[in-house]
Amino acid sequence: MSRGERIAWAWLLALAAALRLPFLANHASRLDADEAMAGFMAQRILAGDFPVFFFGQAYMGSFETYLSAAVFSAAGSSPHILLVVPLAFSLLFAAGIGLAARRWFGRTGGLAALAWAAMGPPYLLAYGLSPRLGYIETLVFGTFLILGIQRVLAGTKGPAGEARLFLVLGFITGLAVWTNLLILPILAACGAVVVLRNPSVLIGKSGGFFLVGVLIGGAPFWLWNAGNGFATFVLTRGGDVGRIEIALGRFFREGAPYILGLKDMVTLKSVSILTPVLGAAYAVLVVLFAARAVGVRDEGAKRWRERPEAWILLLISFAAASFVLSRFGLMGSPRYLLPLYIPIPLLIASAIAGARSTVVRRIGISAGIIILAGNLFMAAGTYKAFARPGAWDAKAPPTRPLVEELQSRRIEHVYANYDHSVRLTFESEGRILAAEPIHERYKPLERAVSASERAAYVFFGPSDHFGDPESFAWNLAAQGWTAKMEAAAGATVFHSFRNERPSLAPIPADGWRAASDPEGEVWKAFDRRPETRWASGRPKMDGMWFAVDLGKVSPVAAVTILPGLNSLDAPIGLRVEVSPDGMSWREVGRLDRVIPGMGSLQGRPHVNGSGRAHLRWPPVMSRFIRISHLGAHRILDWSIGEIFVYSERAVDERSDGILDPCIDGSISLARVNRDGESLFRRVLAEDPECESAHIGVVLARREGRI
């Protein structure tokens, strides 16, 4: 490299950093939950945990979090420090892809590829800073593989040098596979190039050294999968072939235009002025690239296999095919097309540097300049949209004010939506421990919050599991709970839960009779077999009802409905009426919006995936109970897997404030004995009225979890 070229490279890399720093500062204030989880994982690594994958998953290796943990140990943990590692990889990618292009297309091609990577589309600038475990690293690893294979195909100095090179390539491959499976289309393209150019290179010692490197670089990946039935590889299954046209549509209409900057990153809409201009500029470069590729192709098949254009086309083809033919295309996220960021700058370098006449080259350079200018314009608009006050508060509200409010109330453990819980835990550096109510990915955190006597519930608007705060308050009251409901830093916080009503005693289902509208197999709603159910047979609607005759008058104080194996069949709302004679009815409870699965655990409100609905009221002497459905759904039925009716326990009987006295014991046992369904079946054999045992069977049968 000449001195002038080195200066140009230095300026372009400095520009790449300068363009990303504003996004870094803004991004740190609006981490999403997955990004905050990466930071939390780094904190846990420093505390002595050593995760192999993203918490709660069998994919997305934790390589990045170990690097972040090292940075945290030196500079402290914070959202800004969390972005240091992705920033470094973003600059490394720009330098690497520029070097790969320079080896193929000379000085001009290297600068063209570097300039595009430095001043890339807004998605590359912004998402390249996302600490989501392995996305920007995939581009770096892919680029390093290309650089290594370029040296392999160019020849090395002696057997020892070749062995070292293949060992390094294998190590990068293993590390990349562990880090993110998006490397697979890049690996496929690189492998195809090697096989087309020199298939014998992988035979013998070279292939052996490569394999050793793969095993060493991906050691955490291989060891974990060997002990867990190779669970990671479920992700490599293809998509629904019958829906390939959907994935193709998403690729051309949504994914590719989005990552190229032809769509606004915030609104997802086409930009009325820039879209045709940028599209035309890209079209010019594609035509120039195609002309060069066809010209080389005319020189013969052997010559064609040796040209970088063949490699570029393979990279594009495999990246597009992996999107269209796998589940990635059906999910449709632009991040699954990140591998395209490797061949795109190489294509631009080929189009500009490979032109055979000065006029054509100038046309290519002009198109490249238009693209870079458009990228900068779009980046400025994207940053302005990101920086607008309140633009991201609904999803990522500031956590510091809430942490201070919670600490002032001596609250250190909370339940919250995943969008907010993991951010609270990470950004407070453990001063607040927050867990997702049902699907917490880091089980020790869930246990810590569950064990707290002062665990609170935090709402930023509607909750995934508890609805809006008003619905939560209604459901608390319907189950006999009282709590303090307070506003705190833009959130609603429920804490200091109490339930001083007497414990409940189930009324045995022996001799019950029932009727319903719509008619159905009503006895299945109280046969004490969790897998059977009464079903409405048509979508939920207002006015459906289910009535039970207890056979005798009893002091009825509560009712519970379990929907059976499908929690989506839970009621939307309920009205409960009772009657001593089946003639005169009295409404004793009403809940317009049921929170499915809400109950109690360890003396406070809790929610699980059972779909449970529960109402209680002061005891009323009743023989008949009629439950009417409130609300409608155009698709889902209303089902009752089991219905339980309760009276209050006598004053002199044991009372511990728990709605269902057998809940805590049976679920605690299930956490020790992982054979959950077997345990709960044994409980039901002894006590068929144990509601929580029915819940346990359903959860174990349906989800394999408690």
Pop out the ³J(HN,Hα) list for the stretch 450-467 in order, Karplus 6.51 cos²θ - 1.76 cosθ + 1.60 with θ = phi - 60°, rounded to Hz; leave Gly and Pro as x.
4, 7, 6, 7, 10, 4, 10, 10, 10, 10, 10, x, x, 9, 4, 10, 10, x
Where nothing but the Cβ of Lys and Arg (+1) and of Asp and Glu (-1) is charged, how large is the charge dipole of the chain around its Cα centre, in debye to the nearest 20?
3320 debye
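Quickly estimate the mean residue ellipticity at 222 nm for the chain, helices only: each DSSP H run with n ≥ 4 gives -39500 (n - 2.57), and the total goes over all residues, rounded to 500. Please report the intermediate quantities before stating the final value.
On the way: 26 runs with 351 residues, N = 706.
Calculated mean residue ellipticity at 222 nm is -16000 deg cm²/dmol.
I need to check one value: relative contact order of the stretch 437-540, counting alpha carbon pairs closer than 8 Å and at least 6 residues apart, in percent.
Numbers: 90 pairs, mean separation 18.0, N = 104.
So the answer I get is 17 percent.
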Positive end of the charge dipole of the chain (Lys, Arg +1 and Asp, Glu -1 on Cβ, about the Cα centre): tell me which of Tyr59, Gly134, Ala491 has its Cα farthest that way.
Gly134
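Need the full-extension length gain, Ala650 to Glu486, defined as separation in residues times 0.36 nm minus the C-alpha distance. One decimal, nm. Intermediate results must be reported in sequence, preceding the final value.
Details: separation 164, 0.36 × 164 = 59.04 nm, distance 3.45 nm.
Between Ala650 and Glu486, full extension yields 55.6 nm more.
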Calc'd 3J(HN,Hα), the stretch 688-693, phi into Karplus 6.51 cos²θ - 1.76 cosθ + 1.60 (θ = phi - 60°), Hz, glycine/Pro = x, comes to x, 8, 6, 4, 5, 5
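What is the stretch 34-185's relative contact order, in percent, from Cα pairs under 8 angstrom and six or more apart in sequence?
Values: 180 pairs, mean separation 39.9, N = 152.
Result for the stretch 34-185 is 26 percent.
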Nonlocal amide H pairs with Cys690, under 5 Å, H built at 1.01 Å
none
Per-selection Rg to Rh, the stretch 565-653 - Cα, Kirkwood hydrodynamic radius:
0.99
In debye to the nearest 20, how big a dipole does the stretch 28-155 give about its Cα centre with +1 on each Lys and Arg Cβ and -1 on each Asp and Glu Cβ?
540 debye
Can you count the Lys pairs in the chain with C-alpha separation below 29 Å, eight or more apart or on different chains?
13
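Quick one: pull the percent of accessible area on the chain belonging to carbon and sulfur, 1.4 Å probe, ligands and nucleic acids left out.
On the chain, the fraction of accessible area on carbon and sulfur atoms equals 60 percent.
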Arg243 and Arg103 label points (each 7 Å along its Cα→Cβ direction) are spaced in nm at 4.0 nm
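Given 0.36 nm per residue, what is the gain on full extension from Ala14 to Ser496 after removing their alpha carbon distance, in nm?
Numbers: separation 482, 0.36 × 482 = 173.52 nm, distance 5.37 nm.
Contour length minus the Cα-Cα distance gives 168.2 nm.
When only C-alpha pairs under 8 Å and at least 6 residues apart count, what is the relative contact order of the chain, in percent? Each step should come with its number before you reach the end.
On the way: 1313 pairs, mean separation 76.6, N = 706.
Computed value for the chain: 11 percent relative contact order.
Would you mind getting the accessible area per residue of the stretch 1-147, heavy atoms of the protein chains only, 1.4 Å probe, in Å²? Mind dumping the intermediate values first?
Working: 4500 Å² over 147 residues.
I get 31 Å² per residue for this part.
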Protection-proxy order for peptides 494-507, 36-49, each taking the mean of Cβ atoms within 10 Å per residue, highest first:
36-49, 494-507
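The values are calculated or read from the model by the stated rules, or taken from the named source; none is laboratory data. Predicted, not measured: the structure shown is a model, and the values here were computed from it. A quick note on method: Cβ atoms are made from the backbone with ideal geometry, for glycine too, and the neighbour counts reach across all protein chains shown. Surface areas here come from the heavy atoms of the whole protein model, side chains and all, with no ligands, DNA or RNA. Shrake-Rupley method; radii C 1.70, N 1.55, O 1.52, S 1.80 Å.
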